[in-house]
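Structure record follows, encoded as structure tokens.
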Amino acid sequence: MTNEDIDHLATMLKARSGLILGSDKTYLIESRLAPVARREGFASVSALLASLRTKRDEKLMTVVTDAMTTNETFFFRDKVPFDQFKSDVLPALSKTRMNGDIKIWCAACSTGQEPYSLAMLMDEARIQFPRVNLDILATDISDRCLEKAQSGLYTQFEVQRGLPITMMVKNFEKVDEMWRISPKLRQSIRFKKVNLLDDLRMVGRQDVIYCRNVLIYFDLETKKKVLEQMATLLADDGYLFLGAAETVLGITDVFKPMQGMRGLYVKNQVAQSTPLRKLA
Ligand SMILES: C[S@@+](CC[C@H](N)C(=O)[O-])C[C@H]1O[C@@H](n2cnc3c(N)ncnc32)[C@H](O)[C@@H]1O
């Protein structure tokens, strides 16, 4: 593949998804795009890249962008953001949301394990919070991921990653070699294609935003734009969860970290420096 082809791909990916190609780019391009090249009838990845550069093929650009996204995820990933939701965020919001509705947006949901973890967690907490209804919107840029998320079908390996066995038995049924999440949980989540680089106003007001392990792929300016749009959507007393390797510090001051709550942020105008547990 020529440097020109790689530069063109990098420019296209940044413009369409925000992804910045890192230093291991040749390996990444080859491994991610080889299956696409085969499927789309190109003799090699180089031939695919050359075609991308010389023809304006919208479908090919979408498929290539999708293939270059990193979709790593698993149930209850990192555990802490789910523990914090249950022990602090849920009790606090259940006191202030009089109709019981709590709106949650999983802003880069990949294949669905994050929103399904929240739905399962809520199911377990039902006795404690009988009035609460989680309204979960799960979005991603990847059609491939959204299709899988919506199918609710996971491999044995995927259901073994992070999911407590009791929850697996309770919420999944075996379908041939795969495991399917219950229709009740599947229907409790709205899946939608949303590109975080777009105008996000159509997402609407949210009480909690999970934006985990996606900002790490963006440059500083893009992170700032996404976070600032999210601040306008989040309720003043809402919560933002970022991934373990992500922060708002040095990027924007529209959010600030919650003291003693790793990965959890609140809007800056609400001076909330004590852990929620103490306020509840
Ligand atoms: C590593 S996964 C994170 C999944 C989940 N949030 C987690 O932490 O386990 C990152 C996801 O971000 C999505 N993504 C990348 N760029 C995006 C963009 N511009 N808009 C929306 N989603 C994007 C990818 O398709 C991928 O599914």
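The values are calculated or read from the model by the stated rules, or taken from the named source; none is laboratory data. Since this is a predicted model, take the numbers as computed values, not measurements. We place every Cβ from the backbone using ideal geometry, glycine too, and count neighbours over all the protein chains shown. Ligands, DNA and RNA are stripped out before the accessible areas are found, and what is left, the full protein with its side chains, is counted by its heavy atoms. Shrake-Rupley method; radii C 1.70, N 1.55, O 1.52, S 1.80 Å.
Any idea of the accessible area per residue across region 3-68, 1.4 Å probe, to the nearest Å²?
Value for region 3-68: 54 Å² per residue.
By a straight-distance test (C-alpha under 20 Å), which aspartates and glutamates pair with residue 170 as possible cross-link partners, with residues fewer than eight away in the same chain excluded?
Straight-line reach from residue 170, under 20 Å: 83, 114, 123, 124, 158.
Return one number: the angle in degrees, 0 to 90 and rounded to the nearest 10, between the long axis of the Cα atoms of helix 220-233 and the longest principal axis of the Cα atoms of the chain.
Between helix and principal axis, roughly 40 degrees.
Given H placed 1.01 Å from N in the peptide plane, which residues other than close sequence neighbours of residue 206 have an amide H under 5 Å from its amide H?
234, 235
Rounded, prolate or oblate: which fits region 3-68 when a ≥ b ≥ c are the square roots of the eigenvalues of the alpha-carbon gyration tensor, with rounded for a/c under 1.5 and prolate only if a/b beats b/c?
rounded
With θ set to phi - 60°, apply the Karplus curve 6.51 cos²θ - 1.76 cosθ + 1.60 along region 46-58 and write out the HN-Hα couplings as whole Hz, x wherever there is a Gly or Pro.
4, 5, 5, 5, 5, 5, 4, 6, 9, 10, 9, 10, 4
Leaving out same-chain residues fewer than 8 places away, which aspartates and glutamates sit with a Cα under 19 Å from that of residue 224?
Hits, sequence-local ones excluded: 140, 198, 199, 236, 246, 253.
Would you mind checking the radius of gyration and Dmax of the chain based on alpha-carbon positions, in Å?
Answer for the chain, Rg first and Dmax second: 19.9, 62 Å.
Output the relative contact order of the chain, whole-number percent, from Cα pairs under 8 angstrom with separation of 6+ residues.
Here the relative contact order equals 17 percent.
What number comes out for accessible area per residue over region 102-147 if the probe is 1.4 Å? Units Å², please.
Averaged over the residues of region 102-147, the accessible area is 32 Å².
Taking the Cα atoms of region 1-127, report the difference between the largest and smallest coordinate on each principal axis, in whole Å and largest first.
On the principal axes, region 1-127 reaches 58, 26, 23 Å in Cα extent.
Tell me, what is the per residue accessible area of region 149-280 in Å², probe radius 1.4 Å?
51
Taking the Cα centre of the chain as origin, sum charge times position over the Cβ atoms of Lys and Arg (+1) and Asp and Glu (-1), and report the length of that vector in debye to the nearest 20.
Approximately 680 debye in magnitude.
Taking all protein chains as present, what is the carbon and sulfur share of the accessible area of the chain, in % to the nearest whole number, probe 1.4 Å?
54
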